[in-house]
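What follows is a single structure, written as structure tokens, with notes after it.
The values are calculated or read from the model by the stated rules, or taken from the named source; none is laboratory data. Here the structure is a predicted model, which means the values were calculated and not measured. Using ideal geometry, Cβ is built from the backbone for each residue, glycine included, and neighbour counts are taken over all protein chains shown. Each accessible area value is taken on the protein alone, full model and side chains, heavy atoms only, with ligands, DNA and RNA left out. Shrake-Rupley method; radii C 1.70, N 1.55, O 1.52, S 1.80 Å.
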Amino acid sequence: MAARINLDLDTLRTLAVAHDLGGLAQAAERLGRTPSAISLQMKRLQDDLGIPLFRKRGRGLALTEAGEVALAYARRILALNDELLDTMQGANLAGHIRIGCPQDFAPILPSVLSQFASFYPRMQIELLIEGNGALADAIEKSRIDLAVVIGHEDRAATKTVGQLDLVWIASSRFAPPDGQALPLAVLGPQCAFRRRAIQHLETANIPYRIAANSPSLDGLWAALLGGLGITARTALNLREGLVFAGSMYKLPLLGSMPVTLHRNAHSHGVATDRMALLLAEALGLILLSTSKAKPPRSHRIGVTVGVRKA
């Protein structure tokens with residue numbers, strides 16, 4: 001039986017970096033090597049695999065189909081390598097990490113924290129469940145290291161993970177009063193959902209009044225279940241007895257808001273990197289499932305196309 005060739009991890013990482021940066025020259029600059037050294041690495045990789053990985057494209061190079069396959073495997077191999085190192089080194093890594101999350105996404109935290117603890121069992125974790133504006137401010141004031149935030153994509157050190165549709169939410173027994181201003185149940189003035197709802201109502205010349213105001217999400221749910229008004233928010237984690245739709249009672253569509261991951265510019269280290277990766281992966285999964293389960297949009301009076309049940 002012929003002896004197996006052991007691929008060089010450093011060469012596989014160079015392949016991934018070159019692809020991410022758009023070329024071998026860019027990889028050479030990032031990795032602090034000469035372009036000829038990078039080219040030699042790629043030639044050796046091709047020789048080891050026995051198949052062309054690159055083809056000419058203009059003045060540069062592009063991956064062949066075999067190159068795309070090799071890149072996918074390289075990323076998997078590198079991920080396992082990095083995971084092994086994180087696990088072994090993380091077992092003795094002590095310290096603390098501070099993360100923030102709005103209540104909308106709090107259900108993703110148990111699985112994220114469990115995975116993180118398996119890598120870094122000695123790390124202390126501080127959690128802050130707050131409003132989106134407060135979380136973005138906490139990042140800028142270095143009170144926390146990482147934060148999941150809805151909106152605030154214009155802040156520094158922010159990565160957009162995806163988009164989340166906004167919907168109108170009310171009790172299944174709610175009906176807007178005829179000939180009167182639309183009653184709204186809302187959070188505080190800094191709430192991005194409140195501002196989005198008011199902006200769209202004013203643009204559509206729909207009269208409204210603040211019928212219920214709460215500093216907490218629990219208070220908002222209570223006001224809605226009590227039939228005090230209607231609100232605008234995401235359809236995540238709604239209470240039993242609430243209904244939602246992109247539009248109901250001829251109210252305007254609210255569009256979507258970006259889901260962002262914020263990182264304190266002074267927070268570094270492998271533990272923070274790992275937590276950011278776990279949060280991004282969990283957010284990606286929940287946003288994908290939300291988009292697949294998105295209710296149809298309707299402009300008809302009184303239509304409620306989404307119902308939250310226990």
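Dimensions of the stretch 140-245 based on its C-alpha atoms, expressed as ranges along the principal axes with the largest first, amount to 47, 31, 23 Å.
Think of each Lys and Arg Cβ as +1 and each Asp and Glu Cβ as -1; about the Cα centre, that makes the dipole of the chain roughly 680 debye. A probe of 1.4 angstrom, applied to the heavy atoms of all protein chains, finds residue 68 with accessible area near 90 square angstrom. Counting only other residues whose beta carbon sits under 12 Å from that of residue 11, what net charge do I get with K and R as +1, D and E as -1? Within the 12 Å Cβ shell, the charges total 0.
The apolar share of the surface of the stretch 3-67, taken as the fraction of accessible area on carbon and sulfur atoms (1.4 Å probe, ligands and nucleic acids excluded), comes to 51 percent.
Charge dipole of the stretch 146-238 (Cα centre as origin; +1 on each Lys and Arg Cβ, -1 on each Asp and Glu Cβ, all else neutral): 100 debye, rounded to the nearest 20. Apolar share of the accessible surface for the stretch 121-264: 48 percent from carbon plus sulfur atoms, 1.4 Å probe.
Among the helices of the chain, those built from whole DSSP H runs whose Cα atoms reach 24 Å or more along their own axis and whose mean Kyte-Doolittle hydropathy is at least -0.5 are 65-90, 270-292. Among 221-228, 131-138, the peptide with the highest mean count of other Cβ atoms within 10 Å heads the list, and the full ranking is 131-138, 221-228. In the stretch 27-73, Rg over Rh equals 0.98, where Rg is the alpha-carbon radius of gyration and Rh the Kirkwood radius from pairwise Cα distances. Placing a label point 7 Å from the Cα of residue 106 along the Cα-to-Cβ direction, the residues of the stretch 123-161 with a backbone N closer than 14 Å are 127-132. The residues of the stretch 65-158 present an accessible area of 51 Å² per residue when probed at 1.4 Å with all protein chains retained. In this structure, the amide hydrogen of residue 166, modeled 1.01 Å from its nitrogen in the peptide plane, lies closer than 5 angstrom to those of 255, 256, 257, counting only residues at least 5 positions away or on a different chain. Rounded to 0.05, the FRET efficiency of the residue 216 and residue 73 pair, given R0 = 45 Å and the Cβ-Cβ distance, is 0.40. Loop-located trypsin sites (Lys or Arg not before Pro) in the stretch 92-180 (DSSP state other than H, G, I, E, B) with a sparse environment of at most 13 neighbouring Cβ atoms within 10 Å: 122, 141, 173.
Run the 1.4 Å probe and let me know the accessible area of residue 24, rounded to the nearest 10 Å². My reading of the accessible area for residue 24 is about 40 Å². With Cβ to Cβ distances under 14 Å as the rule, what net charge do the other residues near residue 41 carry (K, R +1; D, E -1)? Value of the local net charge: +1. In the stretch 12-159, the C-alpha radius of gyration followed by the widest Cα-Cα span (Dmax) gives 20.5, 55 angstrom.
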